[in-house]
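So the structure is just underneath, and the comments pick up after that.
The values are calculated or read from the model by the stated rules, or taken from the named source; none is laboratory data. Keep in mind it's a predicted model, so treat the numbers as computed, not measured. Counting neighbours? That spans all protein chains shown, and the Cβs are built from the backbone with ideal geometry, glycine included. The protein model used for the area step is the full one, side chains on, heavy atoms only, and it has no ligands, DNA or RNA in it. Shrake-Rupley method; radii C 1.70, N 1.55, O 1.52, S 1.80 Å.
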Amino acid sequence: MIEIVKESWPWYIAGPLIGLFVPALLLFDNKQFSISSTFRDFCAYVVPNPVEYFRYNSKEHLWRNIFVLGVLTGGALSALFLSNTNNVEISSNTLHDLKTLGISNFSGMAPAEIFSWSGLFSLKGVVFIIIGGFLVGFGTRYADGCTSGHAITGLSLLAPSSFIAVIGFFAGGLLSVHLLFPLILN
Amino acid sequence: MKYLVHLIFGILFGIILIKAEVVSWFRIQEMFRFQSFHMYGVIGSAVFVGALSVIIIRKFNIKTFSGDAVNLTPKPLKVYANFSGGLLFGLGWAFTGACPGPIYALIGNGLSVFIIVLVFAYLGTYSYGILRKRLPH
């Protein structure tokens with residue numbers, strides 16, 4: 001059993017399990033799944049600030065900050081007890097495309113030549129780690145949600161706001177991968 | 001007690017994200033290059049199960065464990081903000097290979113440089129907070 005769990009899980013196991021978080025959070029505590037809002041909570045907790053966007057009772061939202069603490073813990077537990085040593089088996093077309101762009105390290109979850117402390121101050125590191133992180137924080141809050149709030153929960157509720165946001169997510173991702181990647185990586 | 005359950009939910013979610021490789025930069029590349037069904041399968045079947053649950057909750061008027069009406073109010077429609085914010089997030093999602101949940105999961109998983117991704121995500125959110133009134137919504 002534990003050996004099966006250690007393998008990477010197929011989409012038809014992981015996807016439905018992720019979907020179950022929508023009713024689980026609603027029925028247990030009447031909460032809608034929401035992860036990027038913890039960025040806002042963090043700013044509200046940490047910075048004593050005059051900005052209206054961060055003036056609210058963030059303690060009411062303690063649950064989602066405990067949830068993401070759990071996500072972090074889950075990541076650690078997987079590394080300690082459930083990890084297999086295999087690399088991510090990506091499609092040969094993707095492998096070929098990424099090699100053409102100069103990516104050579106395919107072990108682990110992300111290419112080590114970009115996502116490492118030593119790569120942080122190169123052009124790639126600045127774009128992929130620093131600007132990338134900034135855009136994730138800025139964009140999710142401007143859009144009023146991320147993959148959990150808009151794509152999973154919002155689409156489950158057939159929310160028009162979420163359909164538009166998800167179209168935006170994909171437009172941005174396609175723009176990035178097909179237009180900006182060749183410029184930055186070559 | 002309530003928070004312990006949220007912690008356990010979070011732990012399970014983190015394990016699923018890692019084990020399904022949803023946190024992998026390589027998987028996000030496959031998705032935006034339309035070269036694998038994996039991510040579409042994960043997101044599609046998650047939405048299918050989520051939507052089915054919402055239909056069941058509505059149809060049978062199911063209440064929360066404490067007996068309240070379930071909050072099924074969607075996020076408000078702000079076409080400009082939903083789209084432009086989404087677009088900016090999409091750019092960042094492709095660069096980092098991680099949406100917010102996976103950022104936390106990857107840090108736990110040992111990819112410590114994602115702490116920098118998280119710090120800049122906080123800064124991004126903070127900048128949005130400052131600029132919000134001047135941005136079209």
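Observations, loosely collected:
- Helices (runs of 4 or more DSSP H) wholly inside region B:1-70 that include at least 2 residues being free of Cβ contacts under 8 Å to residues at least 12 places away in the same chain and facing another protein chain (nearest Cβ under 7 Å): B:2-19, B:38-59
- One residue from A:Gly74, A:Gly119, A:Gly137, A:Gly102 being open to solvent by less than 40 Å² (accessible area, probe 1.4 Å) and more than 7 Å from every other protein chain (Cβ to nearest Cβ): A:Gly119
- Residues of region B:71-104 classified as facing chain A (nearest Cβ under 7 Å), touching a residue at least 24 places away in the same chain (Cβ under 8 Å), crowded, with 22+ Cβ neighbours inside 10 Å and assigned to a loop (DSSP other than H, G, I, E, B), total: 1
- All conditions but one from (1) more than 8 Å from chain B (Cβ to nearest Cβ); (2) surrounded by fewer than 15 Cβ atoms within 10 Å (Cβ to Cβ); (3) free of Cβ contacts under 8 Å to residues at least 60 places away in the same chain; (4) within 30 Å of B:Phe32 (Cα to Cα) apply to A:Glu60; the one that does not is (4).
- Flag for A:Ile129 being over 20 Å from B:Tyr122 (Cβ atoms), facing another protein chain (nearest Cβ under 9 Å) and β-branched (Val, Ile, Thr): no
- Candidate set from region A:1-57 (those that are farther than 20 Å from B:Gly44 by Cα, β-branched (Val, Ile, Thr) and open to solvent by 10 Å² or more (accessible area, probe 1.4 Å)); member that is nearest to the other protein chains (Cβ to nearest Cβ): A:Val51
- Selection within region A:93-122 - part of a loop (DSSP other than H, G, I, E, B) and among the β-branched types (Val, Ile, Thr): A:Ile103, A:Ile114
Residue-by-condition table, conditions (1) touching a residue at least 40 places away in the same chain (Cβ under 8 Å); (2) open to solvent by 10 Å² or more (accessible area, probe 1.4 Å); (3) more than 7 Å from chain B (Cβ to nearest Cβ); (4) out of contact with any strand residue (DSSP E or B) (no Cβ under 7 Å at 6 or more places or on another chain):
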residue: A:Gly145; (1), (2), (3), (4): yes, no, no, yes
residue: A:Thr153; (1), (2), (3), (4): yes, no, no, yes
residue: A:Ser156; (1), (2), (3), (4): yes, no, no, yes
residue: A:Ile164; (1), (2), (3), (4): no, yes, no, yes
residue: A:Gly168; (1), (2), (3), (4): no, no, no, yes
residue: A:Ala171; (1), (2), (3), (4): no, yes, no, yes
residue: A:Ser176; (1), (2), (3), (4): no, no, no, yes
residue: A:Pro182; (1), (2), (3), (4): yes, yes, yes, yes
